[in-house]
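Coordinate-derived values only; no laboratory data. Keep in mind that what you see is a predicted model, and the values were worked out from it rather than measured. Note: ideal-geometry Cβ built from the backbone for every residue, glycine included; neighbour counts use all protein chains shown.
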Amino acid sequence: MYYGNSWKAEDKDVSRNPWALIAIAFCLVVILALRLFTIQVLEYSRFLSQSDSYRIKTEVIEAPRGFIYDRNGQILAENQMSYSITVDPFDRDKLDESIPRLAALFPISLNC
C-alpha cells in the first residue's frame, strides 16, 4: 500500500497558473466600469429626464357635481370652489418664481 502523494511531476497542466482567467475577469470588470461611467456621468441628463417623465404624471379629473335636495326641493348641499396646491420638492430651484405666481392667483390674507 502506498499512502504518499499521487501527483506526478508530469501532471503540470492540472496545477498551472490561471493567468488567462484572471485576464478575462479583469477585462470584464474594466468593461463594466466603463459602461457604468458612461451611464452615470456621460448620459446623466438623458436618463434624468426619462426618469422624471416616468415619475411625474399629472392628470386633472373634473368631478361632476350637483346639488343635493331634500324631499321638499330645498337645497341641502351645494358646490363650493376649493383649491389644492402641491409643490414638488425636487423643483426647489423654481420655488422663488412659483410663490409670487401663486400669490397672484390666490390672494390670501394672512391676518389671523
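Kirkwood hydrodynamic radius of segment 16-76 from all distinct Cα pairs, in Å?
Working: mean 1/r = 0.0561 Å⁻¹.
Computed over segment 16-76, the radius equals 17.8 Å.
Could you work out how much longer the chain between LEU21 and PHE90 gets when fully extended? Use 0.36 nm per residue separation minus the Cα distance between them, nm to one decimal. Before the final figure, lay out the partial values.
Values: separation 69, 0.36 × 69 = 24.84 nm, distance 4.60 nm.
Extra length available between LEU21 and PHE90 comes to 20.2 nm.
Could you rank the peptides 59-66, 74-81 by their average count of other C-beta atoms within 10 Å per residue, with the highest value first? Could the numbers behind the result be given before it?
Numbers: 59-66: 5.5, 74-81: 8.0.
Packing proxy ranking, top to bottom: 74-81, 59-66.
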